[in-house]
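Report on the structure given below.
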Amino acid sequence: MEKRVHNFNAGPAALPLPVLEEIRENFLNFQGSGMSITEISHRSPLFEEVINDALGRARRLLQLNDDYHVLFIQGGASLQFCMIPMNLALPGRPVNYINTGVWSIKAIKEAQIQGKDVRIIATSEDKGFSYLPTDYTVDRQASYLHFTSNNTIVGTQWQQFPDEEGVPLISDMSSDFMSRPIDVKPFGLIYAGAQKNLGPAGVAMVIIREDMLERVPDNLPTMLKYTTARDSKSLFNTPPTFAIYVIDLVLTWLEETIGGLEEMERINEEKASLIYEAVDNGEIYQGIAELKSRSMMNVTFRLPDEELEQRFLSEATSNGLHGLKAHRSIGGCRASLYNAVTIDSVRSLVEFMNEFEEKL
Ligand SMILES: *Cc1c(COP(=O)(O)O)cnc(C)c1O
C-alpha cells in the first residue's frame, strides 16, 4: 500500500485514520448482515440504529436540551443559505447579516434573491476580510442575525460570538463545527456542511431550536421545509446513508477516543499555535488574518513572492505535505487543521517550514 500523506485539505478534508480503517474492516459485511452499509435500506433497523446513534452523540457532544432538533439535510451548507431566509425570515421584518467573506456573501445573496429586507450590519471587506468587525448594531426587529463562525478562506474565526441583543443567532459553522464547545443558547439555528469536520460530503447537519420551526411557512416545497426533516426524523426520502454512517463513526471517535469537545479544543489550540509560531518566528512567512481574528482551523500565510510560494508548495508536496495551496481568491498558503489532522502532521509541517527557510 502507498504511504498516506499529511492532509491539510480545506474540504473535503482529512478523516480520522481509525474511522477509515473501521469503514474498510466492515465494508463488505455490516454488523453481520452479509451486506455493505451502502446496500441496506434506510428504513432497516440496522440503519436506524446508525442514524439514531449519530444524532444522540451530536446531542451529547453539544449538550443540547430538548428545545433543539438535530437534522440531516442534503445540499450541503449552500442549500442552507437559501432555506434559512425561506423558512425563518418573518413577514415585514428585516434579516441581519455580518459579512466576513466569500461564504457570508453567498448566504447574503440567497436572501436577496428572495426579496428579503437584507441589512448587512457589518462588513470587513475594506481589508480583504482579514479581520472580524466589532462595530455594529443589531436591528431589534430582525428575524435573525446570520454570521459565519469560521471563515475558511481568509482564516478568521469568531472567538466570542456576536452580541445578538435578543435576536436569534444563525451561524454557518461548516469549518469549525465540533472543534470546540459552544453555548448554543443564543442560537436559533446552526448548520455545517459535513465535509470539513464531520465526515464525507453529501449532507449538512442542522441544529434548530423548536420556536424557529413555528415560523416555517405552509406554502414552501415539502423538501425545503425544516418541519419536513423534523417530522420525518431526517428520513423523508432516502438520505445519504453512507455519509451518515461515517459521521456516526467520526462522532464516536470524537466522543470516545478524543473525549469530547473540550479536549478537542485543547488539541486544536495546540495544533494552531504550533503553526502560528512557525509563521510568526519565520522571516519569510507573513500571516494573512489579523492577530485577534485568527482561526484555529485554517491558518493562512504568504511568502515574499509568488515564485517562492510555488516552490514552497511543490517542495511541501514532495515531502508528503498536501493541500497547502490557499483559495485562489486570496493566494498564498493555507493549512487546514480540522479535528482529524494530527499533531504529528502539524509537527511535520512546522519542521518543513523551518527547513525551507533555513535552506534559502
Ligand atoms: C465549505 C464551506 C461552505 C460550502 O459548503 P457546501 O457543503 O459545499 O455547500 C459553506 N460555508 C463555509 C464556512 C464553508 O467552509
Check: How high is the relative contact order of region 18-258, in percent, with contacts defined as C-alpha pairs under 8 Å that are six or more residues apart?
Finding: 25
Item checked: Euclidean distance between Cα centres, region 97-176 to region 281-360, Å -> 27
Next item on the list: Order Met86, Met223, most accessible first, counting only protein heavy atoms with a 1.4 angstrom probe.
Entry: Met223, Met86
Notebook entry, point to check: Sorted by accessible area with a 1.4 angstrom probe, largest first, how do Glu270, Glu49 fall?
Noted result: Glu49, Glu270
Next item on the list: Principal axes first, then extents: for the Cα atoms of the chain, list largest minus smallest coordinate on each axis, whole Å, largest first.
Entry: 64, 57, 31
Next item on the list: Quick one: pull the percent of accessible area on the chain belonging to carbon and sulfur, 1.4 Å probe, ligands and nucleic acids left out.
Entry: 48
Check: What helices in the chain pass both tests, a Cα length along the helix axis of 15 Å or more and a mean Kyte hydropathy of -1.0 or higher, using whole DSSP H runs?
Finding: 45-62, 76-88, 102-113, 241-252, 261-281, 306-318, 343-359
Item checked: Simple spin-label estimate for Ser273 and Ser318 in nanometres, 7 Å along Cα-Cβ -> 3.5
Check: How do 97-103, 252-258, 149-155 rank on mean C-beta neighbours within 10 Å, highest first?
Finding: 149-155, 97-103, 252-258
Next item on the list: Sort Phe8, Phe236 by accessible area with a 1.4 Å probe, largest first.
Entry: Phe236, Phe8
Item checked: For a label point 7 Å along the Cα-to-beta-carbon line of Gln112, residues of region 157-198 with backbone N under 13 Å -> none
Checklist line | Difference of contour (0.36 nm per residue) and Cα-Cα distance, His42 to Glu351 | finding: 106.6 nm
Next item on the list: Would you mind checking Lys127/Lys185; Lys109/Lys292; Lys127/Lys325 for any pair whose Cα atoms are more than 26 angstrom apart?
Entry: Lys127/Lys185; Lys109/Lys292
Next item on the list: Please report the Cα spread of region 204-360 along all three principal axes, rounded to whole Å, starting with the longest.
Entry: 63, 36, 31
Note to self: For a bin width of 10 Å, list the pair-distance distribution of region 246-328 built from all Cα-Cα distances, rounded to whole %.
What the structure shows: 15, 37, 30, 16, 2
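The values are calculated or read from the model by the stated rules, or taken from the named source; none is laboratory data. This structure is a prediction, so every number in the text was calculated from the model and none was measured. Reconstructed Cβ throughout: ideal geometry from the backbone, glycine too, with neighbour counts over all protein chains shown. Surface accessibility is based on the protein's heavy atoms, side chains included, excluding ligands, DNA and RNA. Shrake-Rupley method; radii C 1.70, N 1.55, O 1.52, S 1.80 Å.
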